[in-house]
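Structure first, commentary second.
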Amino acid sequence: SLDFWRLLYAVLKQIHGGKWTECDAIDNQIRFVKSALWYHGYGRPELYQLPSDGSAGSRELLLAFSWLLHRLSLLEQLLARNRVKTGDETSVCMCEDDLPNSQKGTTEVAPEYGLEDRVDVRYLQWLNGRLRFQWRSLHAQHQEQCKLLHKIHLFTSGSHMDQILGHFSVTETDLVRQPENYKQLLQLLESETMQLEAFLEWKQLEPVYWQWMEAVLDNMAEEGNMGESQDAHVEKSRLPKENLCCPWADSLTGQIGRLSRDLMTLRDQLHKLITHRKAVWCEKVKTREEELQKEWFSVTARKIQESVELKLLDLAYLCAPKKKKKHGSCRLVFRSKHPASQMGFGRSVSKDPVSAVSATDVIRELQMREASLERELKQLQEECRRRLDEIAEGLDGVICISP
């Protein structure tokens with residue numbers, strides 16, 4: 001169990017982009033693993049009830065590890081993060097930013113975590129300002145990086161043997177300037193090759209692993225059924241004693257009569273229950289109608305109409321034919337308008353590869369998402385303004401001026 005906790009800690013740390021060290025305390029590692037699994041939507045409560053010393057829970061950890069393999073494509077993510085970087089990558093996401101189904105509407109906090117005291121609003125404002133400043137700094141650094149990449153691609157254009165690419169990457173340019181670094185790069189490439197070979201071997205043996213996991217799940221289900229059957233056996237053991245009080249010689253019509261009376265009694269009880277619940281529901285509807293009439297029914301109806309329109313727009317977008325969205329790390333490639341024959345090649349450098357995505361498509365997609373977020377922001381601002389106005393009306397002697 002202890003080794004399994006350490007394995008999950010090391011793997012999840014890599015996925016979340018953090019550095020891990022073996023000297024971390026085991027309770028901190030277990031706490032991080034539980035929080036990470038909760039974040040990704042793993043909802044089996046038995047895992048979060050495991051002790052913090054790592055002394056038990058090997059089968060639960062095996063289930064969690066298998067869930068990560070299936071749900072998050074764990075090995076593929078590790079290969080993508082540990083691959084040798086060319087230095088020309090950038091992150092592109094043209095997918096929807098909706099949360100997974102397992103995380104929609106989830107407001108619970110992770111186990112062993114939570115806000116002990118209420119946070120001051122001014123502290124949240126300070127954090128928001130700091131986040132905005134760091135975001136702008138990151139954006140400026142990203143622009144500077146793109147300018148430097150453009151210079152490298154422009155000055156090395158026509159020097160690469162790949163006719164489609166046509167220019168050097170950052171790593172190749174660094175090797176040209178410092179040839180003594182090729183040994184380190186060679187070691188990284190050999191390590192990546194070993195990982196890819198191990199991944200291919202895993203893909204061949206993967207069906208055997210999932211068959212084993214099915215057997216593990218079946219054993220767990222049998223153990224659960226045995227526990228339930230033992231509880232039910234205690235209840236069923238009383239039946240023969242009760243049957244001794246009822247002789248078998250009783251007529252069949254008497255049994256039918258008792259069943260009929262029981263059904264009639266049950267029908268009357270259900271009828272009373274339905275009548276009571278219908279009356280309660282009608283009372284709630286009447287009360288709600290009175291509240292809506294008091295609280296500007298027209299304003300509420302307009303808000304509902306706007307919400308329905310936004311939902312219809314989202315539904316129309318979801319029902320539209322889907323295009324293959326680009327997601328993940330992409331390599332920035334310089335596209336020249338001049339043919340490659342002027343640079344010593346016989347083919348055009350501007351020919352896009354099969355999986356290429358142009359900057360124009362990304363900009364258009366970002367503009368559409370920006371417009372959608374702007375509409376949602378205006379709706380939320382209007383709702384907050386309305387709630388503030390309602391609160392201000394209840395304050396005596398206070399004048400509130402809208403910004």
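Structure summary
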read-out: Accessible area in square angstrom per residue, region 8-86, 1.4 angstrom probe; value: 51
read-out: Cα centroid separation - region 69-87 against region 146-196, whole Å; value: 21
read-out: Accessible area in the full protein assembly, largest first, 1.4 Å probe, for 84, 176, 33; value: 176, 84, 33
read-out: Over 22 Å (Cα to Cα) - which of 286/378; 85/326; 183/326 fall in this group; value: 286/378; 183/326
read-out: Distance histogram in 10 Å bins (all Cα pairs of region 1-79, percent per bin); value: 18, 59, 22, 0
read-out: Accessible surface ranking that places the most exposed of 208, 92 first, with a 1.4 angstrom probe; value: 208, 92
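The values are calculated or read from the model by the stated rules, or taken from the named source; none is laboratory data. Remember, predicted model here, so these are calculated numbers, not experimental data. The area values use the complete protein model at the heavy-atom level, side chains included, leaving out ligands, DNA and RNA. Shrake-Rupley method; radii C 1.70, N 1.55, O 1.52, S 1.80 Å.
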